[in-house]
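The values are calculated or read from the model by the stated rules, or taken from the named source; none is laboratory data. This structure is a prediction, so every number in the text was calculated from the model and none was measured. FYI the Cβ positions are ideal-geometry reconstructions off the backbone, even for glycines, and counts take in every protein chain you see.
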Ligand code: C5P
């Protein structure tokens, strides 16, 4: 599996350093040549002799020790991958800031091939915003991060911070070194669209975007050329377009689809949008504009007119002036009355006052959004790209999914049950059914969204 690959392991001083002895053995068993570099502190936790024996190579700790023609850190960079495990908060922070005060760090700084960082630390350290900032920075720069698991920690507490098992580190290494999706262009949509009512209000849904993001991250880690179209901005090392509304998403997806090998529509796209967006914030009640200011509302005759002798106070609706003709309404306003507009019809004269009318209500008219998935399937010429839809149902999951895949015309449909609280919307787990055009169904049992994402991608490109 890893025949003739040169793997460089970097060990920093986490208690789980002892587990790396087993990892060295696993890499070697898979055919790799393994070299190990440790930080001086890590030597307190695991011995040079053990690692030398297991790797069958010299083990490095200090600068100025390697008997080769190149400086040590440059000689060590001639490896196919650098796996830093366990990676302490200290080592992560130094790599993120270009600090090179030991051999492992100067090697990491000079390393131009993939680096896999496997953090392990106390929960509070992991949750520290500075550590999180460093992780984000490294991830954005293209470093692979195998995030810690939750579990029992060496400090005697339980929480997030436990180094991933060596089997997972091994699998991740293989995934990085043999990128299954290399050369594939994949577009993924994620998040719930926001359909705007006015500048501050919108209609949306409960989708967190985590499933779409997990697919994008996994596809990227598997070597794909990823384009993410999300309703939120991300800090990812791949192309990210932000589309807040269904119409914005439609435009980007349609522009990009012809260049893709696969499109995965994981976003929860709103089926309806508000027909009349108000460019000004809608005020409670009805609004009164000062006399003398003619506006589109007044001139359209859409408002109501109230007489006020002193031009200070609204005294009531003048039924006669209701729906007055444009010219008449303007003329009367200029003569010293006030005009009332309908709530929601805000105009430039919003400098006026607002009055509350009892029982006042507004109606939002919703119009249908384009069905992006259905449209890109209909517009596709031939078999490319592969198009995958999602289907979130609260009842009759499989029956509805079978109807939906035929209605939409996509190649695969990923169905999940949103009536369950433990999976789906805003959860870190999911459980899905993958349905193909022949209506065959594959059940993927409850797992993390990352693992579900991997299974989905494997199914698409099997
Ligand atoms: O019809 P329904 O909304 O249940 O379909 C869900 C699937 O269709 C998802 O893949 C979603 O991204 C896509 N969709 C779309 N455009 C819409 C609504 C949903 O592309 N307006």
(request) Return the pairs, sorted by first residue and then second, in which the second residue is assigned to a helix (DSSP H, G or I) and away from the ligand (no atom under 11 Å from the Cβ), the first residue lies in the stretch 242-263 and is closer than 14 Å to residue 232 by Cα and at pLDDT 95 or above, the beta carbons are less than 7 Å apart, and the residues are 6+ apart or on different chains. (result) 243/252
(request) Report yes if some residue within the stretch 180-201 is without any contact (Cβ under 8 Å) to a residue 12 or more places away in the chain and either surrounded by fewer than 17 Cβ atoms within 10 Å (Cβ to Cβ) or within 22 Å of residue 9 (Cβ to Cβ) (or both); otherwise report no. (result) no
(request) Grab the strands (runs of 3 or more DSSP E) fully contained in the stretch 1-110, keeping just those with 1 or more residues being without any contact (Cβ under 8 Å) to a residue 40 or more places away in the chain. (result) 33-38
(request) State all residues of the stretch 363-384 that are near the ligand (Cβ under 9 Å from one of its atoms) and farther than 22 Å from residue 440 by Cβ; if no residue qualifies, say none. (result) 368, 369, 370, 371, 372, 375, 376
(request) Go through 89, 110 for me and flag whichever is under 26 Å from residue 234 (Cα atoms) and either in contact with a helix residue (DSSP H, G or I) (Cβ under 9 Å, 6 or more places away or on another chain) or surrounded by fewer than 20 Cβ atoms within 10 Å (Cβ to Cβ) (or both). (result) 89
(request) Could you figure out which of (1) more than 9 Å from the ligand (Cβ to nearest atom); (2) modelled with pLDDT of 80 or more isn't true of residue 424? (result) (2)
(request) Might you let me know whether the stretch 440-457 holds any residue that is in a loop (DSSP other than H, G, I, E, B), assigned by TED's automatic domain parsing to the domain that holds residue 267 and either more than 19 Å from the chain's Cα centre (by Cα) or within 12 Å of the ligand (Cβ to nearest atom) (or both)? (result) yes
(request) Quick one: residue 161 ticks every box in (1) outside the structural domain of residue 263 (by TED's automatic domain parsing); (2) part of a strand (DSSP E or B); (3) at negative phi except a single one, so which number is it? (result) (3)
(message) Taking the conditions exactly as written (within 30 Å of residue 74 (Cβ to Cβ), more than 16 Å from the ligand (Cβ to nearest atom) and under 22 Å from the mean Cα position of the chain (by Cα)), does residue 117 satisfy them or not?
(response) yes
(request) Could you tell me whether residue 389 is touching a residue at least 40 places away in the same chain (Cβ under 8 Å) and not in a helix (DSSP H, G or I)? (result) yes
(message) Given the condition surrounded by fewer than 18 Cβ atoms within 10 Å (Cβ to Cβ), in contact with a strand residue (DSSP E or B) (Cβ under 6 Å, 6 or more places away or on another chain) and modelled with pLDDT under 90, answer yes or no: does some residue in the stretch 396-415 qualify?
(response) no
(request) Please find, within the stretch 137-157, the residue that is surrounded by the most Cβ atoms within 10 Å (Cβ to Cβ) out of those that are touching a residue at least 12 places away in the same chain (Cβ under 8 Å) and more than 24 Å from the chain's Cα centre (by Cα). (result) 153
(request) Could you tell me whether residue 168 is at pLDDT 95 or above and closer than 23 Å to residue 33 by Cβ? (result) yes
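Just to confirm my filter: which strands (runs of 3 or more DSSP E) fall fully inside the stretch 204-271 and include at least 1 residues that are touching a strand residue (DSSP E or B) at 6+ places or on another chain (Cβ under 8 Å), within 11 Å of the ligand (Cβ to nearest atom) and closer than 25 Å to residue 405 by Cα?
225-230, 262-265
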(request) Return yes when residue 387 is crowded, with 16+ Cβ neighbours inside 10 Å and either more than 10 Å from the ligand (Cβ to nearest atom) or at pLDDT 95 or above (or both) and no when it is not. (result) yes
